[in-house]
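Undergrad: Provided herewith is a single structure, encoded as structure tokens, for subsequent inquiry.
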Amino acid sequence: DAKTTQPPSMDCAEGRAANLPCNHSTISGNEYVYWYRQIHSQGPQYIIHGLKNNETNEMASLIITEDRKSSTLILPHATLRDTAVYYCIVRMMFTGGFKTIFGAGTRLFVKA
Amino acid sequence: DTEVTQTPKHLVMGMTNKKSLKCEQHMGHRAMYWYKQKAKKPPELMFVYSYEKLSINESVPSRFSPECPNSSLLNLHLHALQPEDSALYLCASSRLLQGNEQFFGPGTRLTVL
């Protein structure tokens, strides 16, 4: 089972920041939080990941709470092309490595 | 080259047919994955290969048979599928199994009649 909980859908006005929350209260100390998005009928696309520090790249910022039980993905200036399903994932450990289990995701609608 | 390619893009097959899906990457990644995605659902992990060896089989029925002939190629052989197996089949790769981002292909849309 996925270890994350996300709202099923959110709206955002074009040009504004989109803040997508994720709860992962059972995360273990060495498990990373990953974010992917999937635009309709395409394969998922990696956005960002982090362990406990906040992270930023050219696409987004990731804010992880100090207790690591939740995180927020921030798209600073959303565009219409950011309309997609956003998946927050905690990679689960197994013998030999990690596996990626997708949760239900948040469907983000960016409106003009 | 930072691309994962999948062929064919679309496949229609009958329940008695045998077909194969192909996935290829030339990024030097040593972990490769198959996912199945039904409409309006998240991708579900099926198989994971690490260094051409099967690491994870998520209790997938034997009518799906994966194969990793070399570090760049991943196949999914299909035989005696059911209509409920109709879905988007996604391939992904990552540098190693232990971490790193996964790069996904565009998927093969499979319809079983």
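What follows is calculated from the coordinates using simple rules that are stated; it is not laboratory data. Note that the coordinates shown come from a computational prediction; the quantities given were computed from them, not determined experimentally. Because the Cβ atoms are built from the backbone with ideal geometry, glycine has one as well, and the counts that use them run over all protein chains shown.
Undergrad: Relative contact order for segment A:66-109: what percent, with Cα pairs under 8 Å and sequence separation of 6 or more?
TA: Computed value for segment A:66-109: 38 percent relative contact order.
Undergrad: Do the alpha carbons of any pairs in A:LYS3/B:LYS19; A:LYS111/B:LYS19; A:LYS52/B:LYS53; B:LYS9/B:LYS53 sit beyond 30 Å of each other, and which pairs?
TA: Checking Cα-Cα distances, A:LYS3/B:LYS19; A:LYS111/B:LYS19; A:LYS52/B:LYS53 exceed 30 Å.
Undergrad: Amide H of A:MET10: which non-local residues (sequence gap of 5 or more, or other chain) have their own amide H closer than 5 Å, using H built in the peptide plane?
TA: A:ARG107, A:LEU108, A:PHE109
Undergrad: Enter the mean number of other protein chain beta carbons within 10 Å of the beta carbon of each residue in A:35-43, as an integer.
TA: Mean shielding by partner chains, rounded to a whole number: 4.
Undergrad: Follow-up. Using amide H atoms built in the peptide plane, which far-off residues or other-chain residues are under 5 Å from A:SER70 H to H?
TA: Amide H to amide H, under 5 Å and 5 or more residues apart or across chains, A:SER70 pairs with A:HIS24, A:THR65.
Undergrad: Give, as a single signed number, the net charge of other residues whose beta carbon lies under 15 Å from the beta carbon of B:GLU67, with Lys and Arg counted +1 and Asp and Glu -1.
TA: Taking every other residue near B:GLU67 into account, the sum is +3.
Undergrad: Normalised by the number of residues in chain A, what is the relative contact order in percent for Cα pairs under 8 Å and 6+ residues apart?
TA: With pairs under 8 Å counted, the relative contact order is 37 percent.
Undergrad: Taking a Cβ-Cβ separation under 4.7 Å as the criterion for a possible partner, which cysteines of chain A have none?
TA: A:CYS12
Undergrad: Over chain B, with a Gaussian network built from C-alpha contacts below 10 Å, which listed residue (B:CYS23, B:CYS91, B:CYS68) shows the highest mean-square fluctuation?
TA: Between B:CYS23, B:CYS91, B:CYS68, it is B:CYS68 that shows the largest mean-square fluctuation.
Undergrad: In addition: In the Gaussian network model of chain A, springs joining C-alpha atoms below 10 Å, which of A:ASN54, A:ASN30, A:ASN19 carries the largest mean-square fluctuation?
TA: A:ASN30
Undergrad: Further question on the same structure: For a quick check: with amide H placed at 1.01 Å from N, whose amide H comes under 5 Å from B:ALA80's, ignoring anything fewer than 5 positions away on the same chain?
TA: It is B:ASN17, by chain and number.
Undergrad: How do the peptides A:34-47, B:5-18 rank, highest first, by the average count of neighbouring beta carbon atoms within 10 Å per residue?
TA: Highest to lowest by the protection proxy: A:34-47, B:5-18.
Undergrad: Partner chain Cβ atoms within 10 Å, averaged over the residues of B:102-111 - can you pull that number for me?
TA: Other-chain Cβ atoms within 10 Å of each residue's Cβ, averaged: 3.
Undergrad: Can you work out ³J(HN,Hα) from phi for every residue in segment A:27-42, in order, using Karplus 6.51 cos²θ - 1.76 cosθ + 1.60 and θ = phi - 60°, giving whole Hz and x for Gly and Pro?
TA: The phi angles translate into 5, 8, x, 10, 9, 8, 9, 10, 10, 10, 10, 9, 7, 2, 6, 10 Hz.
Undergrad: For B:THR16 and A:SER9, what is the calculated FRET efficiency with R₀ set at 35 Å and r taken between the beta-carbons, to the nearest 0.05?
TA: After rounding to 0.05, the efficiency reads 0.30.
Undergrad: Right, here's the next one. Within 10 Å of each Cβ of A:102-110, how many other protein chain Cβ atoms are there on average?
TA: Rounded to a whole number, the mean comes out at 2.
Undergrad: Just to confirm my understanding: which cysteines in chain B have no other cysteine beta carbon less than 4.7 Å from their beta carbon?
TA: Those would be B:CYS68, since no other cysteine Cβ in chain B comes under 4.7 Å of theirs.
Undergrad: Something else now. Say we join alpha carbon atoms closer than 10 Å with springs in a Gaussian network model of chain A; which of A:SER71, A:SER61, A:SER28 then has the biggest fluctuation?
TA: Evaluated over chain A, the most mobile residue of the options is A:SER28.
Undergrad: Let me ask something else about it. Based on the alpha-carbon gyration tensor of segment A:22-107 and its eigenvalue square roots a ≥ b ≥ c, which shape applies: rounded if a/c is under 1.5, prolate if not and a/b is larger than b/c, or oblate?
TA: Here segment A:22-107 falls in the oblate category.
Undergrad: Now for a separate question. Between B:LEU96 and A:TYR32, how many nm apart are label points set 7 Å from Cα along the C-beta direction?
TA: Simple spin-label model gives 1.1 nm for this pair.
Undergrad: Quick one: net charge of B:LEU88's neighbours, Cβ under 12 Å, K/R +1, D/E -1?
TA: Net charge around B:LEU88: +4.
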